[in-house]
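S.K.: My questions all concern the structure below.
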Amino acid sequence: MQTEKIKGFTLIELLVVLAVVGLMMGVIGFSLLGGGGQELGASQRKILGVLHQARTIAASTGAETRVIISANPEDEDKFFRYIEIISRDANQSDSWNVKRENISLNEGVYFVPSNKSLSIRVEGWRNNAFSSWSGAVGDEFNLSASFKGMRVESSSGSNFKYIEFDGSGNLRPPDSVSGGVPQPLMLVLALGSPNPINTAEKIRFDDPNNISGILMRNFGGFAVLEISDFEEP
């Protein structure tokens, strides 16, 4: 009587099958998450890294250091998407050394401006889903173009919003505080697009649920914010 041989999988065949299954799960996972959600998360992680780097520069050099965000409406590609790290020059009070430049949020992701007139938002937008900055409300911080790694304060330069760390690495809160208690700063990120219909409202935010952010404690660390952390409309 002839017995049949039972043929099993070889180790190589098993590895190939596992690799194919892993690839398929990755593709499915990407489609469920959606490209927009991934871009938002990647931008959030990028900003966290920038903030940590700026705080480290300030604490290690003793120089006032700022994370600056482009608020120049004439530059659509950079408007509330472009970031730099600068520190005050020790010899010239109106000059800033560029420590890191050419940082942009991921495609389709914007900072949500604190000035509500700069963007249009759909119904259902969260009540507090707006960024806040260091300095006074309406503070104008204008810088010349970068030249040999330096920018100079100039009324005719490009406008920037900023997050400031002092020489000890402490965060500078907004100058306008409620009840004398400094309020934490918050950077809010959302999926958006240019709004060509209105020349004033430069950004359009169409999805009230695709929002994330970073809460910055004055003397502590940074907290990651998800949609559930914002106030319901």
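S.K.: Out of Ile197, Ile120, Ile203, Ile214, which single residue is β-branched (Val, Ile, Thr), free of Cβ contacts under 8 Å to residues at least 24 places away in the same chain, in contact with a strand residue (DSSP E or B) (Cβ under 9 Å, 6 or more places away or on another chain) and at negative phi?
M.R.: From the options Ile197, Ile120, Ile203, Ile214, the qualifying one is Ile197.
S.K.: Let me ask something else. I'd like the full set of residues that are among the hydroxyl-bearing types (Ser, Thr, Tyr), touching a residue at least 40 places away in the same chain (Cβ under 8 Å) and more than 14 Å from Val188 (Cβ to Cβ), limited to segment 80-117.
M.R.: Residues satisfying the conditions are Ser95, Ser117.
S.K.: Looking only at segment 123-144, filter to residues that are without any contact (Cβ under 8 Å) to a residue 40 or more places away in the chain and among the small types (Gly, Ala, Ser); which one of those is surrounded by the fewest Cβ atoms within 10 Å (Cβ to Cβ)?
M.R.: Filtering first and then ranking leaves Gly138.
S.K.: Only one of Ser70, Ser119 is more than 13 Å from the chain's Cα centre (by Cα) and not charged (D, E, K, R); which?
M.R.: Ser119
S.K.: Is it fair to say Asn128 is of a type outside the set (Val, Ile, Thr), more than 21 Å from Ala54 (Cβ to Cβ) and within 17 Å of the chain's Cα centre (by Cα)?
M.R.: yes
S.K.: Across segment 143-169, what is the total count of residues that are of a type in the set (Val, Ile, Thr) and either over 16 Å from Val67 (Cβ atoms) or more than 21 Å from the chain's Cα centre (by Cα) (or both)?
M.R.: Of the residues in that region, 1 qualify.
S.K.: From the list Asn218, Asn115, pick out the single residue that is over 23 Å from Ala58 (Cα atoms) and surrounded by fewer than 17 Cβ atoms within 10 Å (Cβ to Cβ).
M.R.: Every option except Asn115 fails the conditions.
S.K.: Which members of segment 70-86 meet the condition of being surrounded by 20 or more Cβ atoms within 10 Å (Cβ to Cβ) and within 15 Å of Pro113 (Cα to Cα)?
M.R.: Ser70, Ala71, Phe79, Phe80, Arg81, Tyr82, Ile83
S.K.: Restricting attention to segment 43-79, which residues are in contact with a strand residue (DSSP E or B) (Cβ under 7 Å, 6 or more places away or on another chain), of a type in the set (Ser, Thr, Tyr) and assigned to a helix (DSSP H, G or I)?
M.R.: Ser43, Thr61, listed by residue number.
S.K.: While we're looking at this one, here's another question. Take Gly221 and decide whether it is closer than 21 Å to Ser104 by Cβ and of a type outside the set (Ser, Thr, Tyr).
M.R.: Answer is no for this residue.
S.K.: Moving to a separate point now. Select the strands (runs of 3 or more DSSP E) contained entirely in segment 96-211, then report the ones holding at least 3 residues which are closer than 21 Å to Ile85 by Cα and among the hydrophobic types (A, V, I, L, M, F, W, C).
M.R.: 158-165, 185-191
Here, each number is a calculation from the coordinates, and none is a lab measurement. Since the model is a prediction, treat every value here as computed from it, not as a measurement. Ideal geometry is used to build each Cβ from the backbone, glycine not excepted, and the neighbour counts take in all protein chains shown.
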